[in-house]
């Protein structure tokens, strides 16, 4: 015996009632297969009973198992993929350009006409980006990165 309603099949017996009389129950797969097999034998021959029975005989995946499978499937994405818009400029490449510039000229100083101050390096970066990317970042985007790179360069030199 079983009760059928709104796309769900409920089988009494060892089923554990979770809420209400027939709202949600848990059944053993063997109970479900045997009950549905009886029901399928009652259906007209036009129904693909073998395919339905085969899909039911396979283990039923719970939402916890589905969530665990999803987490495992997408776990690698959290460390590899970045969300949001792709950066307009390749800042690690720009940093390499600045380091090469600093290795050739040294730190900015008033004695060097090609790099008298940090603003001169900012202009060099803007020109480099214009040639490389067809546009240049604002000085307000360059300034904090350049300050960090200059500090790192000084620490490596001392």
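List of remarks:
- Members of region 129-155 found to be in a loop (DSSP other than H, G, I, E, B) and farther than 17 Å from residue 96 by Cβ, listed by number: 134, 135, 136, 138
- Residue match in region 63-81 (condition: assigned to a helix (DSSP H, G or I), modelled with pLDDT of 90 or more and surrounded by 10 or more Cβ atoms within 10 Å (Cβ to Cβ)): no
The values are calculated or read from the model by the stated rules, or taken from the named source; none is laboratory data. Quick caveat: nothing in here was measured; it's all calculated off a predicted structure. All Cβ positions, even for glycine, are placed from backbone atoms using ideal geometry, and neighbour counts span all protein chains on display.
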